[in-house]
Structures are given as C-alpha cells and as structure tokens.
Amino acid sequence: MSTRISIAIDGPAAAGKSTVAKKLAEKLSYLYIDTGAMYRTLTYRALQEGIDLNDEHQLLNILKDTYIELKPSEHGQLVFMNGEDVTDVIRQADVTNSVSIVAKHQLVREEMVARQRAFAKNGGVVMDGRDIGTHVLPNAEVKIFLKASVEERAKRRHAENLARGFESDLEKLKEEIAYRDKLDSEREIAPLKKAEDAIEIDTTSLSIDDVVNKIMEIVSERI
Ligand code: CDP
Ligand code: CDP
C-alpha cells in the first residue's frame, strides 16, 4: 500500500492553487482542503451579521458557532456554513475585499488552524492556502509555492468572471489582487511566505496541466 502523504500548496491570489490542488487530489484520491474557503465563510457570516471585522473576539464567537464543511461533489468542491450551501456567495466581491482583514487576527487563525490540522490528521490531503507549508502542516512531505505575475493573475480572474457571466474591470482587479497580496504578506501572524523547503513554481506561462504534471513528478518521488 502506498503512503498517503500531505501536500501543502501556498501562493498569492489566482496563482492557480485551488485548480491545481483539486486536480492533484482527484488523481491521488486524496481529500482537497481549501483553507481560503474557510476564511471566506467566516467573512461572509461576519458581513451578514454586521460584525466589526477588526473585533477578533466577536469574530471568534461567531466562528465557534459556525460549522464549516468542505464536501467534494461532481460539480467541484461545495462549501457549507451550518448546513447552508455558500459555495458561490463566498466568492462575491464584498467577501473577497474583506477576507484579508478577518484573516489577520490571531484568535481566528488559531481556531481555523486547529480545524485544518484535524482535517489532515490521517494524511492523504492536498491543502491550499497561504500558511500551509510554513505553519499549518510544517511536516508536509511535499510543499509547493505557486506564483505568477500580477498581470497574469488579474487576467485569469477576469476570464473566470466572464465565464461566470459577469464583466469586471481588469485594472481594478489587478489593484485588488495586489492589495490583498500586500495585506496577506505583511500581516504579523502566519503571513503569506514560501516555506524554506517548498519548491517554487512560476505558473505565469504554464498551463494547468503543466503545473499538475510537474507536481505529480515531485509527489511520485516522495511516495
Ligand atoms: O482564491 P484566492 O486566492 O482569491 O483566495 P483564497 O485562497 O480563497 O483566500 C482568501 C483569503 O483568505 C486570502 O487572501 C487570505 O487573506 C486568507 N487566507 C489566509 O489568510 N490563510 C490561508 N491559509 C488561506 C486564506
Ligand atoms: O486558488 P488560486 O486563487 O491560487 O487560483 P485558482 O482559482 O486556482 O486559479 C485562478 C484561475 O486561473 C482559474 O480560472 C484557473 O483556471 C486559471 N489558471 C490558469 O489559467 N492557468 C494556470 N496555470 C492555473 C490557473
């Protein structure tokens, strides 16, 4: 029987983490854990309830009362918040533009990280986020750091929006992505950073399959 390892994938917004992580999880029959969806779900609930996003005690209170489930389905991974399907609403612009404020708080991160580690306790996971290789799963057998130019990442999000049926302003998207990267990289607790032992892949001119194949080669060497 082959060993079921843990794979950590980190990187900035729209570097291709979730697309690639999902494909890897499918190929390996592993669990895919989208940690960004967890921070987005809490942000969605906090906005819904009008909570001050700078008040970490209030955020922790609602988080403790928020059961977040990540369920694979034939339409991709679904996200449930206390039983309600929030897969699409947590991708809306108001959530995207507030999530980095919610994610900077220590108490929020501690609770999220405990849940993430529990998901990964038996191995056989592909987990993506910002601090997976550096903090959540420091012993992950494979650590990947994906990056791409901000222009390319904005173009990808623009195309994704169009495919979902709505127009977006490319320049504004670029600014929003760059601002979120700045907040995520400069925060005090578990900032976005490449782990020393992570393998960096620049995906700017790579297709999704190129990236998946590269990572599969690395995984095969470790299993
Ligand atoms: O998909 P996208 O790259 O736009 O973002 P995401 O992975 O859904 O993450 C949304 C936000 O959650 C990030 O910008 C971070 O502020 C936060 N996050 C985090 O702090 N730590 C993680 N492990 C994952 C996400
Ligand atoms: O999870 P993250 O925010 O890092 O990125 P993503 O949501 O996986 O990827 C953002 C978009 O870029 C998706 O629409 C992908 O299909 C696309 N993509 C791409 O065009 N080329 C790649 N090498 C990776 C992703």
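Report the Cα-based extents of the range 119-223 along its three principal axes, largest first, to the nearest Å.
Between the extreme Cα coordinates on each principal axis of the range 119-223 lie 42, 35, 24 Å.
Would you list the membrane-span-like helices of the chain, meaning whole DSSP H runs whose alpha-carbon atoms span at least 18 Å along their axis and whose mean Kyte-Doolittle value is at least 0.0?
Qualifying helices: 208-222.
May I ask what percent, to the nearest 5, of DSSP beta bridges between residues of the chain are antiparallel?
Given both bridge residues lie in the chain, the antiparallel proportion sits at roughly 30 percent.
When only the heavy atoms of the protein chains count and the probe is 1.4 Å, how do V113, V89 rank by accessible area, highest first?
V89, V113
Averaged per residue, what accessible area in Å² does the range 6-211 show with a 1.4 Å probe, protein chains only?
49 Å²
Subtract the Cα-Cα distance of D65 and T204 from 0.36 nm times their separation in residues, and report this length gain in nm to one decimal.
Taking 0.36 nm per residue and subtracting the Cα distance, the gain is 46.1 nm.
Cα atoms only: what Rg and Dmax, in Å, come out for the range 16-87?
Considering the range 16-87 through its Cα atoms, Rg and Dmax are 13.9, 41 Å.
If the cut-off is a Cα-Cα distance under 16 Å, which aspartates and glutamates reach K71, setting aside same-chain residues fewer than 8 apart in sequence?
E26, D34, E84, D85, D88, D128
Using packing as a proxy for protection, rank 23-29, 68-74 so that the peptide with the highest average count of other Cβ atoms within 10 Å comes first.
Top to bottom by mean Cβ count within 10 Å: 23-29, 68-74.
Reachable lysines from K147, Cα under 16 Å, same-chain residues fewer than 8 places away excluded?
Within the straight-line limit of under 16 Å, K147 reaches these lysines: K17, K155, K174, K182, K193, K194, K214.
Go ahead and set up a Gaussian network model of the chain, Cα springs under 10 Å, then flag whichever of L59, L206, L162 fluctuates most.
So, out of L59, L206, L162, the one fluctuating most is L162.
At 37 °C and a viscosity of 0.692 mPa s, what translational diffusion coefficient does Stokes-Einstein give for the chain, taking Rh as the Kirkwood radius over Cα pairs? Give it in µm²/s as a whole number.
185 µm²/s
Taking all protein chains as present, what is the carbon and sulfur share of the accessible area of the chain, in % to the nearest whole number, probe 1.4 Å?
C and S fraction of accessible area: 48 percent.
The values are calculated or read from the model by the stated rules, or taken from the named source; none is laboratory data. Just so you know, these numbers come straight off a predicted model, no measurement behind them. Methodologically, a virtual Cβ is constructed for each residue, glycine included, from the backbone with ideal geometry; neighbour enumeration extends over all protein chains shown. These accessible areas exclude ligands, DNA and RNA; they are computed on the full protein's heavy atoms, side chains included. Shrake-Rupley method; radii C 1.70, N 1.55, O 1.52, S 1.80 Å.
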